[in-house]
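Notes follow the structure.
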Amino acid sequence: MSGAALNGIEVIVIGAGAAGLGAAARLALAGVGVRIVEARDRVGGRAHTLLDAPYPLDLGCGWLHSADRNPWTQIAAAAGLTIDKTVPPWTRQSMDLGFSRADQDAFERASAAFHARLEAIDPSASDVAAASLLEPGGRWNPLLDAESSFMNGAELDCVSAQDLCRYSDSGVNWRVREGYGALIAAQAAGLPLSLGCAVTLIDWRDRRPRVETTQGSLRADAVIVTAPSSLIAAEAIRFRPELPDKVAAASMLPLGLADKLVMTIAAPESLPADGHLFGDPNRTATASYHLRPFGRPLIEAFFGGRLAHDLEAAGPGAFFDFASAELAGLFGACIRARLRPLIETRWASDAFARGSYSYALPGHADARARLAAPVGGRLFFAGEACSQRAFTTAHGAYLTGLEAAEQVILQHGAGSGSSQESITS
Ligand SMILES: Cc1cc2nc3c(=O)[nH]c(=O)nc-3n(C[C@H](O)[C@H](O)[C@H](O)COP(=O)(O)OP(=O)(O)OC[C@H]3O[C@@H](n4cnc5c(N)ncnc54)[C@H](O)[C@@H]3O)c2cc1C
């Protein structure tokens, strides 16, 4: 441990994702002794840019949502990275392919009406599934459901309306050309970190909790837990004494599933740069295709919800088979020969994520606050699932990390008389 510790306090941060790195950096800045323990052999968590590909490929987060107020935008700019402000193509259908302009307009109206009903929800009313806000028998319900599967990783019948209503977005979406995951991972530089070090138990009976890991045990004055809600719900990390309320809250915040498939496309000039297609605007089980992101000769297919689960379960190649069939339906069979799979994700099968991002089950919008609440002045919680207004996102995760760090600093601030022992294995 180095640096002048704040009253000698020491903190273990579990997880080197956006939340954990944000928390650790804030604590280090305050002079708090900190160590990050990370189960994977890399940092970033669900933020992961693949660098050994022809282009940096974001396998997790890619968009700076609410980019005009997203702290990662400033961090990226300060690091000299390239912010791309091209307007996202998600709502447009390039060349009106398989989706007439009149139908696109009708869908846009249906979507605006759905979101207006969502925003009009009385916050004190009892919670319902967001699907109950769909117009009964509505022509565009399947596509609205597909959008939910992309944004929430789950269809609207699974998702709390009150929780969705709390999500706050400025509507500005930018990208980092060098990779959002690379930006987040770079924040680990200079922070004390143990990789390949999975936490199995947090024993917090003593004033200084003991953290058991696959590389031995550590003690500190406080622990910040940033593991995904899926792992807390599954008790992959156990607590002694047990924390049934935390496990119950995390269980109400399952991780939805979103997966990506990146394909190369030969003769790319026939497609618009930063174009977009829904594979089939009449179905929920359809993918969203980003054509030539950054003008590159690639197509990024995005799968959500039940479709993503089914295709992951079907095994390697299933995403590509599905995407080539949908694209052949739009362009004709000749497109198949121009497509090659480059990389596909399998976030549900990822042992340290078990999904992509959290949604709240109907009736459980308040689970986020319960998951985020500190325990006993020494256990603190952060991560995207703890965010009330920016859940599912990398900036939401980061802000909860900062908040947990501030809570630790407040708790252990002047006069707390903390121990001077070091974090030891
Ligand atoms: C396909 C996909 C697309 C996405 N797109 C976007 C997007 O465009 N924009 C956006 O803002 N967000 C997006 N996200 C979501 C965003 O990536 C996440 O919300 C964010 O990265 C979560 O950060 P976190 O710190 O909360 O969790 P994580 O990144 O999951 O970090 C938690 C860390 O804890 C570690 N861990 C787990 N268990 C243990 C253990 N037992 N011991 C020690 N360490 C452990 C994990 O390995 C991980 O590194 C996307 C995610 C996916 C999967």
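The values are calculated or read from the model by the stated rules, or taken from the named source; none is laboratory data. The shown structure was predicted, so the numbers you read here are calculated from the model rather than taken from an experiment. A quick note on method: Cβ atoms are made from the backbone with ideal geometry, for glycine too, and the neighbour counts reach across all protein chains shown. Heads up: the accessible areas ignore ligands, DNA and RNA and are worked out on the full protein's heavy atoms, side chains in. Shrake-Rupley method; radii C 1.70, N 1.55, O 1.52, S 1.80 Å.
Observations, loosely collected:
- Here A77 meets the list (1) aliphatic (A, V, I, L, M); (2) under 18 Å from the mean Cα position of the chain (by Cα); (3) surrounded by fewer than 24 Cβ atoms within 10 Å (Cβ to Cβ) almost entirely, failing just condition (2).
For (1) in contact (Cβ under 8 Å) with a residue 60 or more places away in the chain; (2) surrounded by 22 or more Cβ atoms within 10 Å (Cβ to Cβ), each residue gets a yes or a no:
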{"site": "K260", "(1), (2)": "yes, yes"}
{"site": "A267", "(1), (2)": "yes, no"}
{"site": "S270", "(1), (2)": "no, no"}
{"site": "L277", "(1), (2)": "yes, yes"}
{"site": "D280", "(1), (2)": "yes, no"}
{"site": "A285", "(1), (2)": "yes, no"}
{"site": "Y289", "(1), (2)": "no, yes"}
{"site": "F302", "(1), (2)": "yes, no"}
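- Near pairs, Cβ below 8 angstrom, 6+ apart or cross-chain, from segment 329-340 (open to solvent by less than 70 Å² (accessible area, probe 1.4 Å)) to any residue that is assigned to a helix (DSSP H, G or I) and not basic (K, R): I335/S324; I335/L327; I335/A328; L339/F320; L339/A323; L339/S324; L339/L327
- Counting only helices (runs of 4 or more DSSP H) that sit wholly inside segment 1-120, those with at least 2 residues that are in contact (Cβ under 8 Å) with a residue 12 or more places away in the chain, more than 16 Å from the ligand (Cβ to nearest atom) and of a type in the set (G, A, S) are 101-119.
- Count of segment 404-425 residues which are modelled with pLDDT of 90 or more and either open to solvent by 10 Å² or more (accessible area, probe 1.4 Å) or β-branched (V, I, T) (or both): 6
- Residues of segment 122-145 classified as open to solvent by 30 Å² or more (accessible area, probe 1.4 Å), under 19 Å from A367 (Cβ atoms) and in contact (Cβ under 8 Å) with a residue 40 or more places away in the chain, total: 4
- Those residues of segment 345-403 which are away from the ligand (no atom under 14 Å from the Cβ), under 26 Å from D221 (Cβ atoms) and open to solvent by less than 10 Å² (accessible area, probe 1.4 Å), in sequence order: L379
- Filtered residues of segment 205-240 (kept if under 30 Å from S149 (Cβ atoms) and within 11 Å of the ligand (Cβ to nearest atom)): V225, T226, A227, P228, S229, S230, L231, I232, A234, E235, A236, I237
- Residues that are in a strand (DSSP E or B) and either surrounded by fewer than 17 Cβ atoms within 10 Å (Cβ to Cβ) or out of contact with any His (no Cβ under 8 Å at 6 or more places or on another chain) (or both) within segment 146-178 comprise W174, R175, V176, listed in sequence order.
- Filter pass, W63 being aromatic (F, W, Y), open to solvent by 20 Å² or more (accessible area, probe 1.4 Å) and at pLDDT below 95: no
- Some residue of segment 188-203 being without any contact (Cβ under 8 Å) to a residue 40 or more places away in the chain, among the β-branched types (V, I, T) and surrounded by fewer than 19 Cβ atoms within 10 Å (Cβ to Cβ): yes
- In this entry, L143 passes the filter for residues that are more than 20 Å from the chain's Cα centre (by Cα), under 28 Å from R354 (Cα atoms) and assigned to a helix (DSSP H, G or I).
- Residue check, G295 open to solvent by 10 Å² or more (accessible area, probe 1.4 Å), at positive phi and either of a type in the set (S, T, Y) or more than 16 Å from the ligand (Cβ to nearest atom) (or both): yes
- Within segment 190-238, considering residues that are of a type in the set (G, A, S) and in a loop (DSSP other than H, G, I, E, B), the one nearest to the chain's Cα centre (by Cα): A227
Condition check ((1) near the ligand (Cβ under 10 Å from one of its atoms); (2) farther than 20 Å from L257 by Cβ; (3) at pLDDT below 95) across all residues:
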site	(1), (2), (3)
G138	no, yes, no
S149	no, no, no
S160	no, no, no
N173	yes, yes, no
A186	no, yes, no
L195	yes, yes, no
E242	no, yes, no
